[in-house]
Every structure is written in structure tokens, then in C-alpha cells.
Amino acid sequence: MLPRTGPYRHGTSISFDPFTTDASQRYKMLAYQEKKTRAFTSPDGIHWTVRGELPECGDNATAFYNPFRQKWVISIRVQRSARNGRARNYREHSDFLRAIQWIPLPDRAAAIATSGSEEYEWTGTDPLDLPDPEMLALIPGVEGEARGSRGVWRSAAAL
């Protein structure tokens, strides 16, 4: 259930966290509203508390827990001129509230090494790729992250 504080749109992701020791963070959500992505937590999936705004991340940032690395992953939609347009970067941290805060990765390759960013390039196109707006939709955990994260979640349950 989305908070009633305004219109939300695509890119909303909700994750259930059975591992947290903080009951107020049992559910975690990212939602895009008014050109900003906000992070929320909830004890019951109904009553939500705003926990912060994410840095530059486009309109389809999502979060999921990677049980193999035991980290929260934030999938970040970016526009990168060096990568021929749309791309995905990621940020990860064992603490969800720390995972949502980072220094964005610069667009210029020369600035990346000295940026201090903990955001990493994940996937995208290069100059040899023909334009295809559906390309990123085919990669689990990227566009349609919810499908990818459910696949990861099922794997964790089987452990």
C-alpha cells in the first residue's frame, strides 16, 4: 500500500525483509514521486515512514536483497553519454538505510576514478549496439527488477 502523499508511478518496489532485527523496517520500498525517488520502511506493509531521498537515480530505481552477498542492492537507472544512453548502475550495502545514500558516479570516465563514488556500472549499451528500447527489459534485476528480485528471493528460500 503506497503512502497517500501524492501521485506515485512506475518504478515502485517493495521488499519483505525477514532478516531485519528492527521490526519497523520489516518492509522496504522505493517510490518515484515528483522527480525524486524516496525510500520508505514499514513494520506491516501498510503504515510507511519516509527514510530519505535517493541521489540522482532516474525514475525506475528499485531495491532487492541479495542473499548470496547479504547486501541490499539499489538498481539505478542512469543516462550516460559514454554508454550510448540508458544504462543501469548499482549500489549495495548490508544496511538498507545506508544503501540508499551514495555519491553518484560521474558521467565522464576521467572523473570516475577520483569521484569517491560507491556506485558501480552494471549494464548498458555501447557504440556497437543498435538502438533497442527493450534491451534492458531482458536483463533480470534491471528493468522489471521485481521479476529479478523474486527470482533471487526464491533462491534464498531454497537455501
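The values are calculated or read from the model by the stated rules, or taken from the named source; none is laboratory data. Source: prediction; values computed, not measured. Don't worry about glycine lacking a Cβ; one is built from the backbone with ideal geometry, like all the others, and counts go over all protein chains shown.
Quick notes on this one:
- Test for residue 102: is it buried (at least 17 other Cβ atoms within 10 Å of the Cβ) and at pLDDT below 90: yes
- Just one residue in the set 65, 32 is touching a His at 6+ places or on another chain (Cβ under 9 Å) and either closer than 16 Å to residue 99 by Cα or assigned to a strand (DSSP E or B) (or both); that residue is 32.
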